[in-house]
Every structure is written in structure tokens, then in C-alpha cells.
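The values are calculated or read from the model by the stated rules, or taken from the named source; none is laboratory data. Just so we're clear, the structure is a prediction, and the values are computed from it rather than from any experiment. In this analysis, Cβ positions are derived from the backbone assuming ideal geometry, glycine residues included, and neighbour counts consider all displayed protein chains. Remember, those area values only see protein heavy atoms, side chains included, never the ligands or the DNA or RNA. Shrake-Rupley method; radii C 1.70, N 1.55, O 1.52, S 1.80 Å.
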Amino acid sequence: MNKKYIISKNLFHNLNFIKSKTSSKICAVVKGDAYGHGMKVIANLLKEKVDFFAVANLSEAISFRGFDTSSNLLILGHCDNYEIAIKKNISVTITSFEELKNCEDVAINLDKICHIHLKIDSGMNRIGIWKKRELKKCLKLLKTSNYLFFEGIYTHFCSLRSDEDYFKKQKMFFDKMLSLIPKKFSPITHVGGSKVLDRNLAYNMIRVGIFLYGYNHSNLKKVMFINSEVINVKQIKKGEQVGYNSAFIADKSMDIATLSIGYFDGLNYDFKGRVINNCLSYDDNMNHLKNTHFLSVCMDMIMIENYGEHFKIGDEVTIFNDAEIWQEAVGVNTHAILIEFSKMRGKTIVL
């Protein structure tokens, strides 16, 4: 059986580090099944410790409301059904005056208030309001509407790690847009983006995603470890093939082991034939792969060289603990690697 271990003390360590860097409110981003860690598990651990949660879309928000009906929850992307969002007390992102008007119409029909956050496109060119006149139209409607609660306004910084000048340009644009908001409003102003905590930014709230899970900062600890079970061991001779289409041809006699995890569970198919270093276990008493030689990656199994470790059938082995190491091996970014583990068969264990 495969097991996803969530190390709660590491998650809390990361959150405490984040809080030590800012006095702002914290919005925990749990989109993409909490970056593959498990949205329900992570949200339940953080429920009393953060001010807001954020998801990508309505489908994720509905799933979230299935286990948490009270926490502040924001959809960061497009909401395709305002009625459901309003009924389930989900805050929605608005990126145009047309969206805002449509949202108000639904709220009026329901005779309920909708909590909205205006998204400002300050330079990522993904979604958001980027024209002053569009923002002014939205603010005018918000000023008169009895069914729209102007809860927040935000942007996303896309180049904090790569382009200082572009970050400054984004921040200046966002601040100019904020200056247009009448004093009668007091929305939450919030920003996100990797490395945002390394800036002394005077906004009401900081959105944190990948930081929570232990990535992109040396003071953070990895939260997720993936273990799998050895289901077969054998010795093969020089010249024998392993896996489909001669994925690996032995250049010597060797011991191999088969584990019950594959690309269906989140492993990268391109790992075949590669050696990944330093895949340590979360517990020194557990089996781990100091150097993992992936011979073949199948849909639901992998075959590895069983050198040095001498695993036996039934052994539980840590196969993953660090997406940054995997990124170096296959060139896929950490976010994409982590999110794939949302598909993993097996069980999640919180320690």
C-alpha cells in the first residue's frame, strides 16, 4: 500500500516562520488539493491558525465547504455559479464590471449578500482589472449596492524571484489602483507570490501557498513524504530487460525491487533510467532510498535497483520527500510535481 505522510509539526513550523515575517493576516492557499498534500487534511490542521483559505475554483470551494462550513474562503479564479457561492458563503473574485453586475443580479434574486474581492491585474496578464475606468465603474456600483459586500482587493506578484524592476512596476500599479478606493470602504488588501514574505509590504493580508508546504525558502521544512510497499524482489542477469519496450537493459547482474506506485499515483514517467539522490525518510528508523535508480516506471508500479538497501517483500520505503530534488532530475517545476500526488492511491497519515 502507498502512504502519504503529512508531518504536522513541519507544517506548523512553516506557518510560525511565515507569521514571524509579517504582522499581516494570513491566507492559506489550498488550491490543487493543497498542492497535492490533501486539501481537507491541510485545512483541518490550519483552521484555527489562519484568517482565510483560498482555492482555485468553485468545484474546489464546494469540496472545501463539505468539511468546513465556517472558515473564510475565497475563490481565486473565475466563479461559474454565483448562486452556489452565495448560498455557501464563499467569497468570489471579480475581474470586470460585467462580472460584478452579474453577481449583483444573482444576489438580488436570492435576497442575499455576496462577498466579493476585486482582482487587479498589475502585470501578470492572467486575469484581473487593469483599467482605472473599469475599477471606477466597479467602485461606483459597490457604493450603491445593498447586495455586494466589498470584502477585499488583491493582486499577484509574478516576478519576485526573477525581476526586481518588474515587481516594483507591479507594486506601483497596484498601489495606484488602491488609491482610487473611497475612504468609506475598508477592504482587505492582499498580495501573493513566491518570496512575498521577503518584502516588508504594508498590506492587510498575505497569501501563502508553496511556502506552507516547505518550498522556496531555506528556513522551511518539507511537509509531505510518500512511502510505497515492496511487492517483489528478484535478481536479473546482464542483458535482461526491465519494463515496457526495453525501458532498461541490465549491463550487469543486479538485484531489483518492484514497488506498488507508478505514474498514475504521481510519479513522473520520465524518471525511468534515472538516479535520484538523497530521498531520505521522515523517520531515521524507516527504510529510505539514498540513491534511487529508477529502472522502469509503469502506471501502477515501478522497478528500482535494489542495491545496498536489500529491501524485502513487505518493506515500506520512502520514495519521495523533496520536489526540488525531483525538479533537478526531470526539469518539471515543484508545483507540478507536488500536485500530481493528489492522484495517489493509498491512505494519508497525519503525524
field: Residue in the range 71-84 that is among the hydroxyl-bearing types (S, T, Y) and either out of contact with any strand residue (DSSP E or B) (no Cβ under 7 Å at 6 or more places or on another chain) or touching a residue at least 40 places away in the same chain (Cβ under 8 Å) (or both) present
entry: no
query: Give me the pairs: first residue in the range 169-184 and closer than 17 Å to F149 by Cα, second residue surrounded by fewer than 15 Cβ atoms within 10 Å (Cβ to Cβ), beta-carbon distance under 8 Å, and six or more apart or on different chains, which are they?
result: P182/K143; K184/K143
message: Can you tell me which of (1) surrounded by 14 or more Cβ atoms within 10 Å (Cβ to Cβ); (2) of a type in the set (G, A, S); (3) more than 20 Å from N89 (Cα to Cα) is the one A202 doesn't meet?
response: (1)
task: For K4, state whether it is in a strand (DSSP E or B), more than 28 Å from K112 (Cβ to Cβ) and basic (K, R).
output: yes
statement: Among strands (runs of 3 or more DSSP E) entirely within the range 61-172, at least 3 residues that are of a type in the set (A, V, I, L, M, F, W, C) occur in 73-75, 114-119, 148-156
query: Quick one: is G239 open to solvent by 10 Å² or more (accessible area, probe 1.4 Å) and either at pLDDT 90 or above or within 30 Å of Q170 (Cα to Cα) (or both)?
result: yes
message: Of the conditions (1) open to solvent by 70 Å² or more (accessible area, probe 1.4 Å); (2) touching a Phe, Trp or Tyr at 6+ places or on another chain (Cβ under 6 Å), S253 satisfies every one except a single condition; which number is it?
response: (2)
- request: Hey, could you check the range 284-327 for residues that are in contact with a strand residue (DSSP E or B) (Cβ under 8 Å, 6 or more places away or on another chain), open to solvent by 10 Å² or more (accessible area, probe 1.4 Å) and modelled with pLDDT under 70 and say which is farthest from Y244 (Cα to Cα)?
  value: M286
Output for the range 180-199, where each listed residue is modelled with pLDDT of 90 or more, open to solvent by 10 Å² or more (accessible area, probe 1.4 Å) and either among the hydrophobic types (A, V, I, L, M, F, W, C) or outside any loop (DSSP other than H, G, I, E, B) (or both): L180, I181, F185, I188, T189
task: Looking only at the range 223-236, decide whether some residue is closer than 30 Å to L76 by Cα, open to solvent by 60 Å² or more (accessible area, probe 1.4 Å), at pLDDT 90 or above and in a loop (DSSP other than H, G, I, E, B).
output: no
- prompt: Pick from N109, N81, N125, N102: which is within 25 Å of the chain's Cα centre (by Cα), open to solvent by 40 Å² or more (accessible area, probe 1.4 Å) and more than 20 Å from F53 (Cβ to Cβ)?
  reply: N125
